[in-house]
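Bear in mind these aren't lab numbers, they're just calculated from the coordinates by the rules spelled out. It should be emphasised that the depicted structure is a prediction, and the values quoted were computed from it without experimental measurement. Every residue, glycine among them, receives a Cβ derived from its backbone with ideal geometry; neighbour counts consider all protein chains shown.
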Amino acid sequence: MTATAPQMRILIIEDDRESADYLVKAFREVGYIADLASDGEEGLSMAETGDYDVLVVDRMLPKRDGLSLIGSLRDKGNRTPVLILSALGQVDDRIKGLRAGGDDYLPKPYSFAELLARVEVLSRRNVGPAEETTYKVGDLELDRLSHRVARGKDELTLQPREFRLLEYLMKHAGQVVTRTMLLENVWDYHFDPQTNVIDVHISRLRSKIDKGFERPLLHTIRGAGYMIRDGIR
Amino acid sequence: MTAFGKLIRTTAFRLTLVYLFLFALFAASLLAYFAWNTRRLITEQITTTVNVEIGEITSIYNRRGLHGLLTTMGNRALRPGANLYLLTAPNGQALAGNVGSLAPGVMSVQGWSETAYRRIDDQDKTDHRALVRVAEMDNGFRLLVGRDLEERRRLFGIVAKAAQWSILVVVVLGIGGGIFVARRVLHRIDAMTGTTRRIMAGDLSGRLPVGRSGDELDRLAENLNAMLERIEALMTGLKEVSDNIAHDLKTPLTRLRNRAEEALARSGSEADYRAALERTIEESDGLIRTFNALLMIARAESGQARGNMDDFDGADVANGIHELYEPLAEDDGMTLQVKTAPSPVHGNRELISQAVANLVENAIKYGKPDAGVEPMKADAREILIEARREGDQVLLSVTDHGPGIPEGDRKHAVERFVRLEASRTLPGSGLGLSLASAVATLHGGELRLGDAHPGLVATLVLPARAGGSDRLAAQTQDVPQKAA
């Protein structure tokens, strides 16, 4: 996040004191405003009154559980993006969470890098060029309608999957995208491969869009994932 | 609760009481119908007899006059078991007959009536009842002919007694039968209860007694035994898993701890600490992955994932996984091929995808040909993902040409955390095949490991979706039509 951007406001609704404090501290360290609610009722009233960009909601909360909290927010027309944190990490739980009105679902334990990347993608402040038909990063251009990709004057030939991978990365240009996010959004798999299967796809894509060009656009963010952006870090 | 209290509380006994009541009601109404009909029949008979006699007597009077009438009545009245006769003058004086006394006013009413009476020659001074008809003759004389109702009364008594007895017998037999049945059931239920108590107390090897009659209780017992069998297997599995977890997770945890300790002890540069911390995170990520895989297996085995099943084509899964893993295989010097035919299945797509992914990962990791094997076949570095239908089964198989798994080890290889000797040095949790197997079991299928001469062919055998073949076949037929 650049210094000039308005600070992102995050509400964390989590009853476990230790992980809640850790999250608040970590979000503040990256320059966000992070508030904390420690039960479902408090969380609901804070979410309704405060103007937050993203809510991070634990699924199991005292007084009112996470899914019912989201349901009641949505019933009142509050569309604030919600990321659900849950110890129940399986496919059906994820589907239940998303059905209840959550926008993303992250099973515990998670890495903060993963959470941060997802929160940034979710945030309303960072609504990217979602509806645009062409994405542009530096001299790389992707046309979503004609499926053409060009870097500078060179036309690039991408496989369909490579195209979708690049499309997702460019939609979230300037944001960190994790391997799991790619697997979920580009391949629609929600399991956890034991191997670095995504890295191989990325390196193939990289060889097509960055190889032979002076300025790399597809960056690896250590310990987190990938990011496409113009300019040096 | 007393033994008797328990007995009368059984369903069998209560049902018996209900039936008993119904049967008693039935018997009573049957007897009542019988009694009523008999009574009607007797009354009819009396009426007919009396009418005939009045006719006869009247005609005698018409032919032979009063004298003849008196003689005839005297004769008839003296016959043994005779009917009742009485002839009165218009002033009410009795002229002939065998009736001593009547209820007052009977003679003044013409037609039928029921009355109390006494015969002239009656020894006992008790009243009897009779059904009588009074007819007036043209000279003002009145003639009464009637018949005693004793017969009817006696018959009624017999029926009433029969009713009493039959109801008594029904009740006694019913209660007796009820107690017998209830005791039999109770006895068997008690035996079952005893066994379940033992099982609850922790002895999971206990089984319910199954009789030979094959009745509903036996079937229940058989089903409960099957359930117990499954519970025992699950418990044993769980115990094995927790033992294995304890053992297999301890190792990486120890490693983790040692590294952290080592990094602390060696006061190195910031870069050293950073590297150590990164390694720590990597290691814990691996641990988390292992836990996730374990949870997933547990889910699949407990059948909880059944909620998310839908219809899809196994060929799509094979193609999807091929697309995902093809670059990885190539980087590893292998080629990943896919061959698909319509394979309709009903299941959890996510889990089946993961199972196939695990098989492919295994093939990439362990399916490299042995360097020593000569001559090396041309396709030795090829891995083939295949989806096809065979009868009512769908086969999703992954074939490699590596060293394979010796036949004796195959069953063992599917167990959790088992990593065969050859693979010990490679990274992995040892859960891939277990998950694939659990997924197959969840769908009512199995994981088959076979020999690819050389190599391993791992096949997920799933039940094909019924009726799915026609639709898919129709789809494939459509394609050439469109092309033409």
#### Entry: Amide H within-cut-off set for B:Lys339, under 5 Å, with H built and near neighbours excluded
B:Ile385, B:Glu386, B:Ala387
### Query
Under the classification rounded if a/c is under 1.5, otherwise prolate if a/b is larger than b/c and oblate if not, where does the stretch B:181-335 fall, given a ≥ b ≥ c as square roots of the Cα gyration tensor eigenvalues?
oblate
### Message
Exposed loop sites here are GluC sites (Glu not before Pro) in DSSP loop states with at most 13 other C-beta atoms within 10 Å. What is the longest stretch of chain A lacking them?
### Response
A:1-130
### Task
Could you tell me the largest-minus-smallest coordinate of the C-alpha atoms of the stretch B:11-154 on each of the three principal axes, in descending order and whole angstroms?
79, 31, 28
### Message
At a threshold of 8 angstrom on Cα-Cα distance, excluding pairs fewer than six apart, so keeping six or more, what relative contact order does chain A reach in percent?
### Response
13 percent
### Query
Regarding the stretch B:2-82, what whole-number volume in Å³ per residue does the convex hull of its Cα atoms give?
111 Å³
### Query
In whole Å, how far is the Cα centre of the stretch B:195-261 from that of the stretch A:34-99?
37 Å
### Summary
Of all GluC sites (Glu not before Pro) in the stretch B:74-168, the ones in DSSP coil with at most 14 other Cβ atoms within 10 Å are none
### Query
Considering only Cα-Cα distances, which of the following residue pairs are longer than 20 Å: A:Lys25/A:Lys171; A:Lys136/A:Lys171; A:Lys108/A:Lys171; A:Lys136/A:Lys208; A:Lys171/A:Lys208; A:Lys136/A:Lys211?
A:Lys25/A:Lys171; A:Lys108/A:Lys171
### Cα principal axis extents for chain B, largest first, Å
154, 71, 42
### Task
Enter the angle in degrees (range 0 to 90, nearest 10) between the Cα long axis of helix B:216-265 and the first principal axis of the Cα atoms of chain B, meaning the one along which they spread out most.
30 degrees
### Query
Which value does Rg/Rh take for the protein assembly as shown over its C-alpha atoms, Rh per Kirkwood?
1.39
## Note on the structure
Computed curve, the stretch B:326-368, Cα-only Debye sum without solvent term, log₁₀ I(q)/I(0) at 0.28 Å⁻¹, is -1.04
### Task
Provide, as a two-decimal number, the C-alpha radius of gyration of the stretch A:134-228 over 2.2 N^0.38 Å, N being how many residues it has.
1.03
### Computed over the stretch B:135-251, the ratio Rg/Rh where both radii use C-alpha atoms and Rh is Kirkwood
1.68
### Task
Could you line up B:Val109, B:Val317 from fewest to most neighbouring Cβ atoms inside 10 Å?
B:Val109, B:Val317
### Message
Through the Karplus equation 6.51 cos²θ - 1.76 cosθ + 1.60, θ set to phi - 60°, convert the phi angles of the stretch B:338-351 into ³J(HN,Hα) values in whole Hz; use x for Gly and Pro.
### Response
9, 9, 10, 10, x, 9, x, 9, 10, x, 8, 4, 4, 5
### Query
For the protein assembly as shown, what proportion of DSSP beta bridges, expressed in % and rounded to the nearest 5, is antiparallel?
75 percent
### Query
By count of other Cβ within 10 Å, fewest leading, how are B:Thr115, A:Thr195 ordered?
A:Thr195, B:Thr115
### Message
Whole angstrom only: what separates the Cα centroid of the stretch B:52-68 from the Cα centroid of the stretch A:147-181?
### Response
132 Å
### Task
Could you tell me which of rounded, prolate or oblate describes chain A, using a ≥ b ≥ c as the square roots of the eigenvalues of the alpha-carbon gyration tensor, with rounded for a/c under 1.5 and, failing that, prolate when a/b is larger than b/c and oblate otherwise?
prolate
### Query
Helix A:17-29: angle to the longest alpha-carbon principal axis of chain A, degrees 0 to 90, nearest 10?
40 degrees
### Message
Could you work out [θ]222 nm for chain A from helices alone, using -39500 (n - 2.57) per DSSP H run of at least four and dividing by all its residues? Round to the nearest 500 deg cm²/dmol.
### Response
-11000 deg cm²/dmol
### Per-residue [θ]222 nm for chain B (sum of -39500 (n - 2.57) over DSSP H runs n ≥ 4, rounded to 500)
-20500 deg cm²/dmol
### Message
Run the reach check for B:Lys6 against aspartates and glutamates, Cα to Cα strictly under 17 Å, same-chain hits fewer than 8 apart removed. What comes back?
### Response
B:Asp190
### Query
For B:Ala103 and B:Arg14, what does the FRET efficiency come to when R0 = 56 Å and r is the distance between their Cβ atoms, rounded to the nearest 0.05?
0.60
### Task
Evaluate 2.2 N^0.38 Å with N set to the residue count of the stretch A:98-185, then give the Cα radius of gyration divided by it.
1.21
#### Entry: Size of electric dipole in chain B: Cβ of Lys, Arg +1 and of Asp, Glu -1, about Cα centre, debye, nearest 20
3960 debye
### Query
What does the average come to when, for each residue of peptide B:348-354, you count the partner chain Cβ atoms lying within 10 Å of its Cβ?
4
### Message
Cut-off under 16 Å on the C-alpha distance; same-chain residues fewer than 8 positions from B:Lys365 excluded. Which aspartates and glutamates are left, in chain and number order?
### Response
B:Glu326, B:Glu330, B:Asp331, B:Asp332, B:Glu382, B:Asp400, B:Glu421
### Query
For the stretch B:216-307, which trypsin sites (Lys or Arg not before Pro) are in a loop by DSSP, counting at most 11 other Cβ atoms within 10 Å?
B:Arg266
